[in-house]
1. Please list, ordered by first then second residue, the pairs with beta carbon atoms under 7 Å, 6 or more apart or interchain, first in segment 240-269 and within 15 Å of ASN337 (Cβ to Cβ), second open to solvent by 60 Å² or more (accessible area, probe 1.4 Å) and charged (D, E, K, R).
2. Is there a residue in segment 33-46 that is open to solvent by 20 Å² or more (accessible area, probe 1.4 Å), within 13 Å of the ligand (Cβ to nearest atom), farther than 19 Å from ILE385 by Cα and not aromatic (Phe, Trp, Tyr)?
3. Suppose we keep only residues that are part of a loop (DSSP other than H, G, I, E, B) and within 16 Å of the ligand (Cβ to nearest atom) within segment 273-299. Which one would you say is surrounded by the fewest Cβ atoms within 10 Å (Cβ to Cβ)?
4. Might you check whether a residue that is touching a Gly at 6+ places or on another chain (Cβ under 7 Å), at pLDDT 95 or above, hydroxyl-bearing (Ser, Thr, Tyr) and over 17 Å from HIS181 (Cα atoms) occurs anywhere in segment 265-287?
5. Please count how many residues of segment 210-226 are open to solvent by less than 20 Å² (accessible area, probe 1.4 Å) and under 18 Å from HIS172 (Cα atoms).
6. Here is a list: PRO60, PRO79. Which entry is open to solvent by 30 Å² or more (accessible area, probe 1.4 Å), at pLDDT 95 or above, more than 12 Å from the ligand (Cβ to nearest atom) and outside any strand (DSSP E or B)?
7. Among (1) within 14 Å of the ligand (Cβ to nearest atom); (2) in contact with a strand residue (DSSP E or B) (Cβ under 8 Å, 6 or more places away or on another chain); (3) of a type in the set (D, E, K, R), which single condition is ASP71 missing?
8. Quick check: anything in segment 393-406 more than 18 Å from the chain's Cα centre (by Cα) and of a type in the set (Ser, Thr, Tyr)?
Amino acid sequence: MYRRNNIVKKYVLVGVGGRSMMFTEAFVEKYKGISQIVAICDINNGRLDLAAKKLREVFPALKCYSAEKFDEMLTAHRPDTVIVATRDCSHDDYICRSLEAGCDVITEKPMTIDEKKCQRIVDTIKKTGRSVRVTFNYRYSPPRSQIKKLLMDGVIGKVLSVNLTWFLDTNHGADYFRRWHSNKENSGGLLVHKATHHFDLINWWLSSVPKTVFARGERVFYNAQQANRCGLSDHARRCLDCKLSDRCNFYLDMRHVPLIKELYLDNEKYDGYLRDLCIFRDDIDIEDLVGIVAQYRNGAILTYNLTAFSPWEGYRLDIQGTQGKLEQLCQETSYINGDGTVQGGFIAAGTSLKIYPHFQTPYEIPVWSGKGAHGGGDILMLDDIFGSPKEDPLKRVADYVQGAYSILLGVAANKSIKEGKMINIDDLVKDLPAPDFEIEQEDNEIIPFVKKTKLMSGGIETKANIPQKVYEKNTFPAGNLRIKHSDIVSI
Ligand SMILES: NC(=O)c1ccc[n+]([C@@H]2O[C@H](COP(=O)([O-])OP(=O)(O)OC[C@H]3O[C@@H](n4cnc5c(N)ncnc54)[C@H](O)[C@@H]3O)[C@@H](O)[C@H]2O)c1
């Protein structure tokens, strides 16, 4: 088994739940000839057996280890890289123990959930000199890579503000309130667990990192009042025991979703983990509605909202720059983790990308698309991890520094909600270097005069104000995407 420069690369995996299947499928299918998984580890012996059965079809010598034997596994197999896909709250421990044992780490997002755990990772990397890569698949999804490319090409000039509203729908959003994610001690809440993806995108798009943040957040929908409003106050602790199944749109019957049954219901006896807890129960302590205002080191101001009870899934993005505005509307397919459906696929009819240059005709650009989970992002990222090396002009590979900044905005926002004040992000973790994408922007931009073509009559849009279609002649990675006026065609 040979990989880059004919070097055999050995992996072990800790955490064999829903997400780990992206990695295990990659090992047994596309990358079976070039990457080797030698051992897996989990607290749940049932899930270990399930994962081992699939992996041993290709790797018959694969060994299983219970969580208390994690260090023993590292000593016995001496892997090059440990893949961490456990609950968020235990990432730091597995990352640091792996680094101390001389391994590199690939970790699922979020890298960790609070500033103390983050400090431990930063200190251990400094001490060991090993590397941590965070699997930010969202960067690889074509429509989001396209935003990075447009901003790098200076299509709207220097970025001054970002407004991002992310909508999790009542299917996908509700699922966070059934599982371990519903307690902050496990996940850091949605501001860390989920928003780490969104904050990472913004940091990367802007080539900058956040400086200060003020936030508010509440649980306004997945709570007892909403259960009362819907006549569901007699709900049981979990769906399996609930008599209100025929009246509750959130009812999850694990017995009838084969993958969820096999992964979770059949393995409850090993660790007592219930994956179908009622979304209205009292012991939930994460927010379902949050809003933040943050300022970046480059001066840009971010306003961000996240709701977990929207009727549709996706996001609305506005980025304003010195030369115009970029708007992306993105509608995605909904799913629940582990149900076997494609996660986060783009719905073409609900997805658009528009550029509004100052004083000029706005135009619409066809959105880059891909196949598979997270808009095609998972496949591209796996190829980057396990396939042959390629150039990465968009800098999509994320290290521990970028992993840290993506969570620190959420950690600071959690602190701001608790303390009711603005939080300085640089105060949270010591010795954190700047990310390698950070660009100190000098204010030397020169905007050439182009005579106004856009007409406004009393603030009402005229035909000249409606975005026209533009067709890209070049797509990533070749060519420059800068749009010329002659590329715009009428629709
Ligand atoms: N990038 C993405 O798009 C994406 C999508 C889903 C999940 N994730 C991330 O993947 C990770 C796993 O999420 P999941 O959905 O698979 O959850 P899951 O509950 O399905 O699986 C977690 C697994 O970890 C095991 N585990 C829990 N605590 C452990 C410990 N202390 N030691 C060893 N094993 C332990 C559990 O038994 C389970 O098998 C999380 O960090 C999550 O944020 C990322």
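1. Close Cβ pairs (under 7 Å, with a partner that is open to solvent by 60 Å² or more (accessible area, probe 1.4 Å) and charged (D, E, K, R)) amount to MET254/LYS261; LYS261/ARG255; LEU265/ARG255.
2. Yes, because at least one residue in segment 33-46 is open to solvent by 20 Å² or more (accessible area, probe 1.4 Å), within 13 Å of the ligand (Cβ to nearest atom), farther than 19 Å from ILE385 by Cα and not aromatic (Phe, Trp, Tyr).
3. Only one residue fits best here, namely TYR273.
4. Looking for residues that are touching a Gly at 6+ places or on another chain (Cβ under 7 Å), at pLDDT 95 or above, hydroxyl-bearing (Ser, Thr, Tyr) and over 17 Å from HIS181 (Cα atoms), one finds at least one in segment 265-287, hence yes.
5. The total comes to 2.
6. Testing whether each residue is open to solvent by 30 Å² or more (accessible area, probe 1.4 Å), at pLDDT 95 or above, more than 12 Å from the ligand (Cβ to nearest atom) and outside any strand (DSSP E or B) leaves just PRO60.
7. All conditions are met except number (2).
8. no
The values are calculated or read from the model by the stated rules, or taken from the named source; none is laboratory data. In this text the structure is predicted, and so the values were computed from the model without any measurement. In this analysis, Cβ positions are derived from the backbone assuming ideal geometry, glycine residues included, and neighbour counts consider all displayed protein chains. Calculation scope for accessible area: heavy atoms of the full protein, side chains included, ligands and nucleic acids excluded. Shrake-Rupley method; radii C 1.70, N 1.55, O 1.52, S 1.80 Å.
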